């Protein structure tokens, strides 16, 4: 299998001014479309020695080297002249590129500057990759079975070049078969507990299938990747293994690949023609925000009430001050009332209600920071489910975990009632 | 000057599943706080040879090596065992770390698994950096004048460790003089318009002060950084330049450095003993989420209503169906009613109300996607300000821009009334 290295060039990356989304995008294309996971990313500044050393190292260990960045018209961009020296070549004007640039400027109604004209100069021993979206051409250097492809750093120019030229060129040259991979999305159990539960299953995975745990907040993504040569066989292997997984942790799995809890819940509501609303105290609107971040959510999301103060819990929801005083705003009893009022006021089929102590302050000995009550309710079956959780001390995390947990509780309730 | 290399480890980076935001964040800290731009980023997978080679190379060229990733409890994470071999050491249980992990699990109400317990094992020749936010400790290896620091890949754990331990440790060890820098935060004018307005001021900056424009959504951060050796002189220079800036674009400046619109608004409300609530349609709770993301916001945030459907605009807020039909839900008239109802129902001094078409669908010829009405109101002076904006086609951006613009309108209103 060929080895791939991605080199990104630019001082703006090294000072952290922009995130290196080009490496990530190229890596996605390599992994998902070409079927080869890159082995290394390197980032260096606009500096002759560092660029040269990075290319030298990449030639030692990789077969295919992608470079992006440093091809702009200004003096700080030196990738082209560095490549020219590296490959012992000379810059010559490429007439096609010159015309491309001239046309581009004409279309934009600008005159071409000498700096832009110089972008038509390319090393005389490379294959030019024409840039349909900007002024800097790409460059392909090939020797024996290795290749180096230099592309602009402007994301949409690089992407255009990569999709239209680079992918088919590489697939063809190396006669590459496709890779199969799938991510299983789980919510509700931490990475280590999940790994403990899946020990035997993990050990039963064939050698050509690798597993990675990717946790974030209360979600753990399980990524299965094949590394063999037979796409169809591996697809079947992975699909079978996911069926087994379903038998072990089916209750934790809410989706696959690009799904989110809010998109999955949204689809369920849409398919079952049901509506939803939220009554949020400690999450302060974050659940409503997640739901409405999905385009088309107005089809099933009626609205929310955020009774942050106790006064509003009483005046907006009609929760008796006795209940608030006796049990507290953070209690099973208050959340039950929030669900019931919410159902009436928001006129929905399903309701989520949450109340808790997001922190970092506000805890008591009996209700420490991170104590959260999460309720979901279905009006059809007159059924409320309320659970108590104790998360951590971090406000942001408590808000996110509460929201994810609430959406997953609702997902299970909808499935239970509509299957 | 010492040279810095950042190594990130993880297959999820190499397949492009997540973007390498850790390198970017560490690079920002190095450049802005420590005052040294890193020279290289390297990314490798969870693979013994590749990690070892990356460390070997980094030791050749860099003085300080930061590693993040690969410290999780599961089998795919091998950074710790790789470091252990690299430094010819053995894993031993660190009692402090063991207790940290035990406490963390106890607080969350879980029992510790053997996998988590194994996270308390560290190489016997490193200095342990305790992790206050998770289970994986950091590790510091020092020899002669070089050092390697291994940190978890979970961003908030890494950031906590870096800010509290790494920065002061490095400043102290290499006796690095502090750099003075300050960020001026503006809202409401795009980068290129701002740059145009500030041309003369920018040209008047002394050579040792550099300016960077850092735009995100409707916010542009102006970062001023000194590169001299005299902290006090540079501080004075930059502070003077900011005074000049204030005279040119004072109305756009809402804060400095780590301020956010929601923290600035929160402080203003707190200082003036005023309360706030929101009535949100197109932002779906995002403004309330921003406000309540600030710890202590319950002091001034009463609550919100999110009347997403027209039915709820009528039933919850009492907005006449005539108004909704004649002018539409996205109109000056509807937002005015939202403000008035909100003031009564939420019992607050100030109210924000927004209604718009977040997109990507739902636009009409007269109200294209991105049309948003934003209102703020003060009950004291019986004064509503409502403005119409036309943002873009991107749902997420429209939600964020609307929220930022609304908070800034409110900020100005509070200042105007209370100064």
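Of the helices (runs of 4 or more DSSP H) that lie entirely inside segment A:1-81, those containing 2 or more residues that are modelled with pLDDT under 95 span A:11-14.
Of the residues B:145, B:131, only one is under 26 Å from residue B:18 (Cβ atoms) and touching a helix residue (DSSP H, G or I) at 6+ places or on another chain (Cβ under 9 Å); which?
Details: B:145 fails: under 26 Å from residue B:18 (Cβ atoms).
Step by step, each of B:145, B:131 is checked, and only B:131 is under 26 Å from residue B:18 (Cβ atoms) and touching a helix residue (DSSP H, G or I) at 6+ places or on another chain (Cβ under 9 Å).
Listed here are the residues, each with its yes/no results for (1) out of contact with any helix residue (DSSP H, G or I) (no Cβ under 7 Å at 6 or more places or on another chain); (2) modelled with pLDDT under 85; (3) surrounded by fewer than 19 Cβ atoms within 10 Å (Cβ to Cβ).
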{"position": "A:162", "(1), (2), (3)": "no, no, no"}
{"position": "A:172", "(1), (2), (3)": "yes, no, yes"}
{"position": "A:176", "(1), (2), (3)": "no, yes, yes"}
{"position": "A:181", "(1), (2), (3)": "yes, yes, no"}
{"position": "A:185", "(1), (2), (3)": "yes, no, no"}
{"position": "A:218", "(1), (2), (3)": "no, no, no"}
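Scanning segment B:87-101 turns up at least one residue that is within 14 Å of chain A (Cβ to nearest Cβ) and either touching a residue at least 24 places away in the same chain (Cβ under 8 Å) or within 25 Å of residue B:13 (Cα to Cα) (or both). When the residues of segment B:109-121 are filtered to those that are touching a strand residue (DSSP E or B) at 6+ places or on another chain (Cβ under 7 Å) and surrounded by 15 or more Cβ atoms within 10 Å (Cβ to Cβ), the one that is farthest from the other protein chains (Cβ to nearest Cβ) is B:121. Looking across segment A:391-418, the residues that are within 11 Å of chain B (Cβ to nearest Cβ), assigned to a helix (DSSP H, G or I) and free of Cβ contacts under 8 Å to residues at least 40 places away in the same chain come down to A:395, A:396.
For the structure I just gave you, tell me whether residue A:359 is more than 24 Å from residue B:294 (Cα to Cα), in the same structural domain as residue A:300 (by TED's automatic domain parsing) and surrounded by 22 or more Cβ atoms within 10 Å (Cβ to Cβ). No, not satisfied.
How about segment A:38-53: which of its residues are more than 17 Å from residue A:76 (Cβ to Cβ) and more than 27 Å from the chain's Cα centre (by Cα)?
Taking segment A:38-53 first, the residues more than 17 Å from residue A:76 (Cβ to Cβ) are A:38-42, A:53.
Scanning segment A:38-53 gives a single hit, A:53.
When B:371, B:326, B:366 are screened for being more than 24 Å from residue A:278 (Cα to Cα) and in contact with a strand residue (DSSP E or B) (Cβ under 6 Å, 6 or more places away or on another chain), only B:371 passes. Quick check: anything in segment B:30-50 assigned by TED's automatic domain parsing to the domain that holds residue B:134, touching a residue at least 60 places away in the same chain (Cβ under 8 Å) and out of contact with any strand residue (DSSP E or B) (no Cβ under 9 Å at 6 or more places or on another chain)? Checked against the condition, which is being assigned by TED's automatic domain parsing to the domain that holds residue B:134, touching a residue at least 60 places away in the same chain (Cβ under 8 Å) and out of contact with any strand residue (DSSP E or B) (no Cβ under 9 Å at 6 or more places or on another chain), segment B:30-50 yields no hits at all. For segment A:330-345, indicate whether the set of residues that are in contact with a helix residue (DSSP H, G or I) (Cβ under 6 Å, 6 or more places away or on another chain), modelled with pLDDT under 95, more than 18 Å from residue A:190 (Cβ to Cβ) and surrounded by fewer than 23 Cβ atoms within 10 Å (Cβ to Cβ) is non-empty. No: zero hits.
Going through segment A:37-57 one residue at a time, which ones are within 22 Å of residue A:146 (Cα to Cα), surrounded by 18 or more Cβ atoms within 10 Å (Cβ to Cβ) and more than 10 Å from chain B (Cβ to nearest Cβ)? Result: A:51, A:55. Put simply, of B:258, B:244 the only residue that is under 19 Å from the mean Cα position of the chain (by Cα) and either more than 30 Å from residue B:357 (Cβ to Cβ) or surrounded by fewer than 14 Cβ atoms within 10 Å (Cβ to Cβ) (or both) is B:258.
The number of residues in segment B:11-35 being within 23 Å of the chain's Cα centre (by Cα) and either over 19 Å from residue B:225 (Cα atoms) or within 7 Å of another protein chain (Cβ to nearest Cβ) (or both) comes to 15.
The values are calculated or read from the model by the stated rules, or taken from the named source; none is laboratory data. Predicted model, so just to flag it, every value in this text is computed and none were measured. Please note: Cβ atoms are built from the backbone with ideal geometry, for glycine as well, and neighbour counts cover all protein chains shown.
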